[in-house]
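Data first, discussion second: the structure below is written as structure tokens.
The values are calculated or read from the model by the stated rules, or taken from the named source; none is laboratory data. Computed from a predicted model, the values in this text were never measured in an experiment. Glycine gets a Cβ as well: all are built from the backbone with ideal geometry, and neighbour counts include every protein chain shown. Just so you know, the surface numbers come from the protein's heavy atoms only, side chains and all, with ligands and any DNA or RNA stripped out. Shrake-Rupley method; radii C 1.70, N 1.55, O 1.52, S 1.80 Å.
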Amino acid sequence: MSTEKKDQYWVMARRNRSHGLEPIREACRRAGNPQEKLKVIHVAGTNGKGSTVNYLRTILCEAGYKTGTFTSPHLTAHFDRIRIDDRWIEEDVFNTYLEKHISDIEELDLGMFEIDCLIAFEWFYDQKVDYAIIETGLGGRLDNTNIISSPVLELITTIGMDHTQILGERKTQIAFEKAGIIKKNSHCLYGYLDEECAMIMRMRAGRMQAAAHGIEPYRGISAEEMVFRGSVYEISGAGYQKANAALAIAAAQFLGIHTDTPAMKKAIRECQWKGRFETVRTSPRVIIDGAHNEEGISALCRSLDMLEKPLTIVFSALRDKPGRKMAAALKEHAERLIITHFENARADVTQSLAVAGAEIIEDWEKAIDSALEKAGPGTVVITGSLYFVSVVRSRFLNE
């Protein structure tokens, strides 16, 4: 065993491995298989996972259930991936579990995501949560969270073209990977998928003697209101959050929770997933949104026209995304688009993101300063990689 200090930074430095599910399965077996003793709601999808998890957590907590959530990536600190009732796992608690399992972690060569899974599962079990909402990291079928054999419910949010080098070049291939979380004799609810992808969900369910159902359409009645299953709900933030909220409401109702009450509607209205269409300054209004892939940018663009003009957008992305295509989509909605760069080993260079009519300001802080200086009475939207949004959020909110 190495003598290197074992803490969150050591964990984050351990790149995720490509060695299949057996190492995390064996680590959990040695820990007593805590994931099998939890009431798990397993969530997969291209976009909307974090927001759907957050809406469902809010509803479950309002209904009086102690609720664990495991999400990624982190926004503020590594520990915010693992929460109970929206409170992060404390650093000393995280380190206690890390020390407890360090021999197995090193022997089995677990990467960061596997370590987080192991700690989340055991902490949730030790803390006797009523429900554990577990978000997949990448895909579904081969995701490290997919060692859960009997979830109480699976949710599929969206299917889009992301991580194609791993999941496949066609939406149907990606849908097949996401559908891999559907287990034998289980129940799955899926969001607003095209019919071809929805069919894959139903086919997988059929093979597993499971049930998979799409949710009914919601009806938007204003920028922040919708009717779903006969009830009116107010949803804060961008319009695309209505789809995520509808799936969470459907999941809660499947679990027997009444969502059509004043207290529940208030909780849903006030629910905000940090870094998703979040206002971090009011004069001028500054919105941050982790639209980190092409589908996310498309959803964001549908909400941009309701913002005060002129609209300035500051954008940066990771190398494995279609960054130039994303920038071009943003430019169609903005009076001013600034392309910038932030310090991250996976961050794309500005030249690869540049499109006609955009400005390039290499330093991300100077890019934001320029956007604020010339915003006038309009709006500044800062978007792209979730890692970029994380550092930007820290600047504005000192977190």
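Scanning the range 296-319 for residues that are open to solvent by 60 Å² or more (accessible area, probe 1.4 Å) and within 20 Å of Ile159 (Cα to Cα) yields a single hit, Arg302.
Exactly one residue out of Val286, Val280 is buried (at least 21 other Cβ atoms within 10 Å of the Cβ) and of a type outside the set (Lys, Arg): that is Val286.
Listed here are the residues, each with its yes/no results for (1) of a type in the set (Asp, Glu); (2) under 21 Å from Arg276 (Cα atoms); (3) touching a Cys at 6+ places or on another chain (Cβ under 6 Å); (4) not in a helix (DSSP H, G or I).
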residue	(1), (2), (3), (4)
Met326	no, yes, no, no
Asn344	no, yes, no, yes
Ala371	no, yes, no, no
Pro377	no, no, no, yes
Arg393	no, yes, no, no
Phe396	no, yes, no, no
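Based on what the data block shows, is Ile268 within 21 Å of Thr158 (Cα to Cα), touching an Asp or Glu at 6+ places or on another chain (Cβ under 9 Å), modelled with pLDDT of 90 or more and open to solvent by less than 10 Å² (accessible area, probe 1.4 Å)?
For Ile268, the condition - within 21 Å of Thr158 (Cα to Cα), touching an Asp or Glu at 6+ places or on another chain (Cβ under 9 Å), modelled with pLDDT of 90 or more and open to solvent by less than 10 Å² (accessible area, probe 1.4 Å) - is met.
Remark: Ser236 matches the filter, which requires a residue to be under 22 Å from Ala267 (Cα atoms), without any contact (Cβ under 8 Å) to a residue 60 or more places away in the chain and not hydrophobic (A, V, I, L, M, F, W, C). Within the range 88-140, the set of residues being acidic (Asp, Glu) and either without any contact (Cβ under 8 Å) to a residue 40 or more places away in the chain or not in a loop (DSSP other than H, G, I, E, B) (or both) comprises Glu90, Glu91, Asp92, Glu99, Asp104, Glu106, Glu107, Glu114, Asp116, Glu122, Asp126, Glu135. Say whether the condition of being open to solvent by less than 10 Å² (accessible area, probe 1.4 Å) and either under 30 Å from Met12 (Cα atoms) or not small (Gly, Ala, Ser) (or both) is met by at least one residue in the range 354-365. Scanning the range 354-365 turns up no residue that is open to solvent by less than 10 Å² (accessible area, probe 1.4 Å) and either under 30 Å from Met12 (Cα atoms) or not small (Gly, Ala, Ser) (or both).
I need a count of the residues in the range 45-97 that are hydrophobic (A, V, I, L, M, F, W, C), under 28 Å from Ala175 (Cα atoms) and open to solvent by less than 10 Å² (accessible area, probe 1.4 Å).
Qualifying residue count for the region: 6.
Number of residues in the range 219-246 that are assigned to a strand (DSSP E or B) and of a type in the set (Phe, Trp, Tyr) equals 2. Remark: pairs (first residue in the range 147-158, modelled with pLDDT of 95 or more and basic (Lys, Arg); second residue surrounded by fewer than 24 Cβ atoms within 10 Å (Cβ to Cβ) and in a strand (DSSP E or B); Cβ separation under 9 Å; 6+ apart in sequence or on different chains) are absent. Only a single item in (1) in a loop (DSSP other than H, G, I, E, B); (2) touching a Cys at 6+ places or on another chain (Cβ under 8 Å) is not met by Gln272, and it is number (2). Within the range 168-188, can you find the residues that are within 17 Å of Leu247 (Cβ to Cβ) and either open to solvent by 20 Å² or more (accessible area, probe 1.4 Å) or among the basic types (Lys, Arg) (or both)? Those that are within 17 Å of Leu247 (Cβ to Cβ) and either open to solvent by 20 Å² or more (accessible area, probe 1.4 Å) or among the basic types (Lys, Arg) (or both): Lys178, His187.
Could you tell me which residue of the range 228-257 is nearest to Leu189 (Cα to Cα), considering only residues that are among the hydroxyl-bearing types (Ser, Thr, Tyr) and surrounded by 21 or more Cβ atoms within 10 Å (Cβ to Cβ)?
Tyr240
Apart from one condition, Ile159 fits all of (1) part of a loop (DSSP other than H, G, I, E, B); (2) open to solvent by 30 Å² or more (accessible area, probe 1.4 Å); (3) closer than 30 Å to Ser303 by Cα; the exception is (2).
Residue check: Pro322 meets all listed conditions (1) buried (at least 20 other Cβ atoms within 10 Å of the Cβ); (2) under 30 Å from Ala13 (Cα atoms) but one, namely (1).
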